[in-house]
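Okay, structure first, notes after.
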Amino acid sequence: MNCEEFAFEGLDLDLDAEVAESAAAREHLRGCPHCAALYESSRTLRADLCELAKLTSDATAPSRVEMRLRQEFRTRHTTDKSRGRVVVASWLLAAAALIVVATSLVLWQRHGVANIAGTRQSPVQPTAVHSVATGPELGGTLIAENDGEQFALIPGAIPGMLDDTTVVRVQMERGSLGALGLSVNEEHANDVVQVDLLLGADGQPQAYRLPQSNN
Amino acid sequence: MDKAGGTSGETHIESPERDDVLLKRSARGDEEAFTQLYRRNQAQIYRFALRMTGQAWAAEEIVQDVFMTLVREPKKYDPARGSLGAFLYGIARNRVMKHLERRPREFSLETKNSEGDTQVLDVADERTPAHWAEVRERRERVRSAVLSLPPEFRETVVLCELEEMSYEEAAQVLECPIGTVRSRLHRGRALLLAKLEMLRESPKRANALR
């Protein structure tokens, strides 16, 4: 081992170790006072650096740094979350608005302008005829047609309940109309008349009309 | 210490997978994961910054900057390129260099602990005040000598001698070949010896002139 090799490699070696490199370094040191002095200085330096390292070996960042960082972390992620929530809420609102508009459009198309006008002012136009029945006897039902004649609301009926209705034609004594809250002329109370009744979804009569044949 | 490879002491960097998982959780807003990452890595970054700058306030600022980067841009870390520890050292190195460029000659000789209090001597120690004065003077000389090294030699000395990193680890942090680490360390030691000799001589000269 020469001086250059010792300076570059020998200083890192453990000279007490029983390996070839250490033996070569020891051999070189015995014959080279310059490298021996360098080795001694280097050992002292190592010891000094070790001492310096010990001085700061347990140094850690003050706890305030962690607090500041966690605060920043919270702020950043809370902002991100709220931004996300706002975006989701906006999309939900937009979707809800779209559904409302679409539903309104469909309803408007289904009911037509005439129905809207009919709802506003009684008598009422029936929207659908779901079933028919026949029966010639008193109180029985006959064929009813949605022939476009207008129904009159029975007192106490709610116009908004007329969306899902059934029209039935019944024969009854005119006096029975009084039970529906209609005024009846006593002289004709026993006359049998045909009445078209507009039944709501709950089966209760909501409106009525007297076909032309009764008049 | 085995300089040629392996890890030793506190400089060992935790397994990348674990840090990786924590970082992912942290990026999703898990504060506990971020705190764990911080606690695991802050001390080594703080010590590196402290030993490089010699100033507790600067080290504190650098640690904050380094972890703020993790909060703001967690995706900057690419596990394929190395461990999270090495990534954090990389950011810390940049911050240290910027700091040294701004204040190249300003350094404190105070010894302060992590909370900023000046360290005190152990009064139960039976050694004489003269001995402690000598120890302190010696320490200050070494510290001054280290802090006066050019940054590239200083960081190699700090990582290999003070942080006790292996050449491999230091090379990963410094992003240079192992041979460069060895030669920088060799040169750094030589410079340190020269500076210490100079510092040792200067008080003698000052005394002789009186």
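The values are calculated or read from the model by the stated rules, or taken from the named source; none is laboratory data. Treat the numbers as computed from the prediction; the structure is a model and nothing was measured. Quick reminder, even Gly has a Cβ in these numbers, built from the backbone with ideal geometry, and neighbours come from all protein chains shown.
Consider only pairs whose beta carbons are under 8 Å apart and that are at least six residues apart or on different chains; among these, list those whose first residue lies in segment B:193-210 and is part of a helix (DSSP H, G or I) and at pLDDT 55 or above and whose second residue is surrounded by 10 or more Cβ atoms within 10 Å (Cβ to Cβ) and of a type in the set (Lys, Arg). Within 8 Å, the pairs are B:Leu196/B:Arg141; B:Leu199/B:Arg141; B:Arg200/B:Arg141. The residue of segment A:170-204 that is modelled with the lowest pLDDT, among those that are within 25 Å of A:Arg110 (Cα to Cα) and surrounded by 12 or more Cβ atoms within 10 Å (Cβ to Cβ), is A:Ala201. Among the residues of segment A:86-100, not a single one is among the β-branched types (Val, Ile, Thr) and either under 19 Å from B:Phe67 (Cα atoms) or touching a Leu at 6+ places or on another chain (Cβ under 9 Å) (or both). Within this structure, A:Glu18 passes the test of being more than 7 Å from every other protein chain (Cβ to nearest Cβ) and more than 18 Å from B:Glu197 (Cα to Cα).
Taking every residue in segment A:47-58 that is on the phi > 0 side of the Ramachandran plot and at the interface with another protein chain (Cβ under 7 Å from one of its Cβ atoms) and pairing it with any residue that is part of a helix (DSSP H, G or I) and surrounded by fewer than 20 Cβ atoms within 10 Å (Cβ to Cβ), at least 6 positions away or on another chain, yields no pair with a Cβ-Cβ distance below 6 Å.
Summed over segment A:62-99, residues that are farther than 30 Å from B:Glu60 by Cα and either among the polar types (S, T, N, Q) or facing another protein chain (nearest Cβ under 7 Å) (or both) total 2. Screening B:Ser15 on (1) within 11 Å of another protein chain (Cβ to nearest Cβ); (2) at pLDDT below 90 shows it passes everything except condition (1).
Of the candidates A:Asp14, A:Asp48, the single residue that is outside any helix (DSSP H, G or I) and not aliphatic (A, V, I, L, M) is A:Asp14.
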